[in-house]
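A.B. asks: I have a structure here, written as structure tokens, and I will follow up with some questions on it.
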Amino acid sequence: RAKQSGRNRFAMFTQEMQAHSTRVLLIENALHSALENNELSLHYQPQFSLSDKKLVASEALIRWNSHSLGRVSPGEFIPIAEDSGQIVAIGEWVITESIRQIREWIDLGYPPLKVAINLSYAQFQEPDLANFIAQTLEACRVPSSLLELELTERIAMDDPESAIEVINAFHDIGLETSIDDFGTGYSSLSYLQKLPVYKLKVDQSFVRNMINDENNLSIVSAIIALAKKLGMRTIAEGVETQEQLDKITSLGCDEVQGYLLGHPVPPDEFEQHHFSNESHSNQRKIG
Ligand code: C2E
Ligand code: MG
Ligand code: MG
Ligand code: MG
């Protein structure tokens, strides 16, 4: 009996593995035509400063509506694109499209708003990345101060010496960088002080559990204190409740992003919600 149930479990396990690798292959194949079929788009989520409650930036988040698979979340397809190498072309599209959008918003007369884009590890390995960004900004006549790069802890810490070099190259062309999902990776505190990074994004898992769990609260408060000592700004991700907002405000966090204040939305909806009429001169404030 034991043997049989063991065998069943094994059969179930291999079935699951097969289903999983089939899905991975389907996604990888469908991604090949995603760019040429115009299946990708960017949504934008607002970020607010906590001191004066003003809109300070937005994060561009990729969306994929596949002709064959329907909507696939970035949490599912980005890791697959990273493994297959497709992330480099997708990442270039994200850079080009976000800069084009910044230009469009300038042309529409909205107040200049910084856009933060996410960079993958594989993109960061491309020697030409800083040049590509600089050329795209120039072609669209967009000031580099309007683009921010979100790096993962892995980017920053895998090969710290070369990370410092690349981040300095970004810095030289006027691009600010932040470390995304901070606290979940394996940051070395001694290298962190050498990275010319502008901002730490406190990972949402800590923000989510902060209210009910003392340890998570301690982590959030330690990250904020550390950033202050190192002269970096902090933003709390994933703020969904007023209680969480009050807590991170009292801890001295600089900025906030989360469903409580705004979901990621397509550009036209972002304009309607966050560039209100009077905002041409005076940006809309949060409650
Ligand atoms: P991320 O960069 O940490 O982005 C934050 C994620 O949290 C987004 O998920 C956002 O929609 C979600 N989020 C924001 N506020 C809240 C909240 O209050 N509650 C909850 N539960 N979630 C919230 P999304 O859009 O599904 O993206 C997931 C991840 O995919 C991103 O995490 C990022 O790592 C990656 N990603 C997204 N767009 C791109 C891209 O253009 N390039 C690369 N390389 N990665 C991307
Ligand atoms: Mg991000
Ligand atoms: Mg994040
Ligand atoms: Mg994340």
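The values are calculated or read from the model by the stated rules, or taken from the named source; none is laboratory data. Small disclaimer: the values here were computed from a predicted structure and weren't measured. When we count neighbours, we look across all protein chains shown, and the Cβ atoms used for this are built from the backbone with ideal geometry, even at glycine. The area values use the complete protein model at the heavy-atom level, side chains included, leaving out ligands, DNA and RNA. Shrake-Rupley method; radii C 1.70, N 1.55, O 1.52, S 1.80 Å.
Per-residue answers, yes or no, for (1) assigned to a helix (DSSP H, G or I); (2) in contact with a Gly (Cβ under 8 Å, 6 or more places away or on another chain); (3) aliphatic (A, V, I, L, M); (4) in contact (Cβ under 8 Å) with a residue 60 or more places away in the chain:
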{"position": "Asn65", "(1), (2), (3), (4)": "no, no, no, no"}
{"position": "Arg71", "(1), (2), (3), (4)": "no, no, no, no"}
{"position": "Glu92", "(1), (2), (3), (4)": "yes, no, no, no"}
{"position": "Trp105", "(1), (2), (3), (4)": "yes, no, no, yes"}
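A.B. asks: While we're looking at this one, here's another question. Could we say that Thr96 is under 20 Å from Ile62 (Cα atoms) and open to solvent by 20 Å² or more (accessible area, probe 1.4 Å) here?
C.D. replies: On the way: under 20 Å from Ile62 (Cα atoms): yes; open to solvent by 20 Å² or more (accessible area, probe 1.4 Å): yes.
It is true that Thr96 is under 20 Å from Ile62 (Cα atoms) and open to solvent by 20 Å² or more (accessible area, probe 1.4 Å).
A.B. asks: Can you name the residue in region 242-259 that is assigned to a loop (DSSP other than H, G, I, E, B) and not small (Gly, Ala, Ser) and is also nearest to ligand 3 (Cβ to nearest atom) among such residues?
C.D. replies: Out of the qualifying residues, it is Gln257.
A.B. asks: Would you mind finding the one in Ala130, Ala116 that is surrounded by 13 or more Cβ atoms within 10 Å (Cβ to Cβ), within 16 Å of ligand 2 (Cβ to nearest atom) and in contact (Cβ under 8 Å) with a residue 40 or more places away in the chain?
C.D. replies: Ala116
A.B. asks: With the requirement that a residue be small (Gly, Ala, Ser), away from ligand 2 (no atom under 16 Å from the Cβ) and surrounded by fewer than 18 Cβ atoms within 10 Å (Cβ to Cβ), what does region 180-236 give you?
C.D. replies: Ser188, Ser190, Ser218, Ala222, Ala225, Gly231
A.B. asks: Assess whether Val256 counts as being within 11 Å of ligand 1 (Cβ to nearest atom) and in contact with a helix residue (DSSP H, G or I) (Cβ under 7 Å, 6 or more places away or on another chain).
C.D. replies: Here the answer is yes, as Val256 does meet what is asked.
A.B. asks: Now a separate question. Check Ser145 against each of (1) touching an Asp or Glu at 6+ places or on another chain (Cβ under 9 Å); (2) open to solvent by 20 Å² or more (accessible area, probe 1.4 Å); (3) within 16 Å of ligand 1 (Cβ to nearest atom) and name the one condition it does not meet.
C.D. replies: (3)
A.B. asks: How many residues, within region 156-168, are modelled with pLDDT under 85 and in a helix (DSSP H, G or I)?
C.D. replies: Number of matching residues: 4.
A.B. asks: Still on this model: Output the residues belonging to region 180-198 that are more than 13 Å from ligand 1 (Cβ to nearest atom) and either among the aliphatic types (A, V, I, L, M) or not in a loop (DSSP other than H, G, I, E, B) (or both).
C.D. replies: Hits for region 180-198 are Leu189, Ser190, Tyr191, Leu192, Leu195, Val197.
A.B. asks: For region 275-285, indicate whether the set of residues that are loosely packed, with under 14 Cβ neighbours inside 10 Å and either at pLDDT 90 or above or acidic (Asp, Glu) (or both) is non-empty.
C.D. replies: yes
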